[in-house]
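Everything below concerns the one structure shown next.
The values are calculated or read from the model by the stated rules, or taken from the named source; none is laboratory data. None of the values given here were measured: they were computed from a predicted structure. Ideal geometry is used to build each Cβ from the backbone, glycine not excepted, and the neighbour counts take in all protein chains shown.
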Amino acid sequence: MEAWAHEDVTAGGGHCRIDNDRERANARTNPPTLDVSLTIPAHNESGNIGGVVTAARDVLAAAAATYEIVLVDDGSADGTAEIAAAALGDDARHLRVVRHDRQRGYATTVCDGLRAANGRVLAFIDGDGQFDPADIGRLMEQLREADFVTGYRAHRADPWHRSVVSGVMNLLVRIFYGIRWRDVDCGLKVFRHEVLSAASPILATSALFNTELYFKAQRLGFRIRQLPVTHRPRLSGRRSGARLVPILRALRDVVRLRVRLAREWSPKAAAGDRPTPRGKALAVPTPQETLRPWWRPWLGAVPAALAVVVLRLSRHSISGSSPPSCASSARAKPACTR
Ligand SMILES: Nc1nc2c(ncn2[C@@H]2O[C@H](COP(=O)(O)OP(=O)(O)O)[C@@H](O)[C@H]2O)c(=O)[nH]1
Ligand SMILES: [Mg+2]
């Protein structure tokens, strides 16, 4: 028998809604029982996952009395989950595997992990080894004074056009959502379970769930902190983010989600459900913490750079040499952008 627990998510997944009403009621009657729960999204990460889970295990075991690693296997065909369990050996008892029958995309993958998580502190980190799991410990230390602690990639080890796409997205998020934090989509975050509970249900159906988390955490007065984190080149496997169609969808969703949030969500109503109301209604980051206006001198160059990126990505898509896509799931497509 396998030493680790696994669950198949075929229904219930496929969207990014964390905690519908039933799940929220369930959360009230069954509060989290572990100290920390780390979600790792992974799609065909056999070459990277062993190193990520063992390094994460070391950090969690040192920082918490009880912990779990929730590996969300997004339709992998290369034995990612089995390799993770083998790498952990006896510690595979701390591993839970949530399996998607097919690739559903990054956002759904992370959200399914968070939904399954049973920790008072929640965290997520990519399974591709680009982040250093040691940074989870550094972020967790900040929880003494904060509720929502996120990394930002000071030196991003990705092709330049990824930084351009991210820069444009961050600028739009700043304009439409008033979020003055940098690198909102960074895939390394640590936060209290109550932030997720208060932010639920998550309305976003794409990587904009990160934006939504920031937006709600900020409006609800949770204390937000950011730290620079290490970002390394991918050593194995292929990235599946940054394809043209999902990027265009995410751009469209920036406006759509903002309209939905304005219509369907208010901090007052959400705060009514919060276990421990905290602080002011609106937490404004300190000047050092905000996104520095690096883009200001480059503002005129943004449309031109975007056009180059779009051309580059479309050539990439047409040539057929693109990384595995989310084409197997129409609903997963928007979730692939990061
Ligand atoms: N982009 C993307 N990542 C996925 C998907 N499913 C799972 N993942 C995992 O999410 C993490 C980030 O993916 P990656 O392709 O490296 O995106 P990038 O780091 O933004 O280039 C990795 O651990 C992937 O294995 C998916 O459909 N799309
Ligand atoms: Mg990556």
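Remarks
- Screening Pro246 with (1) at pLDDT 80 or above; (2) under 21 Å from the mean Cα position of the chain (by Cα); (3) part of a helix (DSSP H, G or I) gives one miss only, at (1).
- Taken over the range 168-183, the criterion of being assigned to a helix (DSSP H, G or I) and surrounded by fewer than 18 Cβ atoms within 10 Å (Cβ to Cβ) is satisfied by Leu171, Leu172, Ile175, Phe176.
- Failed item, numbered, when Asp35 is tested on (1) at pLDDT 70 or above; (2) over 19 Å from Arg96 (Cβ atoms); (3) surrounded by fewer than 18 Cβ atoms within 10 Å (Cβ to Cβ): (2)
- Single residue of the range 124-160 satisfying the filter (among the polar types (S, T, N, Q) and more than 10 Å from ligand 2 (Cβ to nearest atom)) that is farthest from the chain's Cα centre (by Cα): Gln142
- Qualifying residue in the range 11-32 (condition: touching a Pro at 6+ places or on another chain (Cβ under 8 Å), modelled with pLDDT of 95 or more and surrounded by fewer than 19 Cβ atoms within 10 Å (Cβ to Cβ)): no
- Cross-chain or 6+ apart pairs with Cβ under 8 Å, the range 95-108 first and on the phi > 0 side of the Ramachandran plot, then within 16 Å of ligand 2 (Cβ to nearest atom) and charged (D, E, K, R): Gly105/Asp74
- Residues in the range 149-194 that are over 13 Å from Ala217 (Cα atoms) and touching a Cys at 6+ places or on another chain (Cβ under 7 Å): 3 in all.
- Pairs linking a residue in the range 135-148 that is within 14 Å of Phe222 (Cβ to Cβ) and assigned to a strand (DSSP E or B) to a residue that is modelled with pLDDT of 95 or more and among the aromatic types (Phe, Trp, Tyr), with Cβ atoms under 6 Å and 6 or more positions apart or on different chains, are Phe148/Phe191; Phe148/Phe222.
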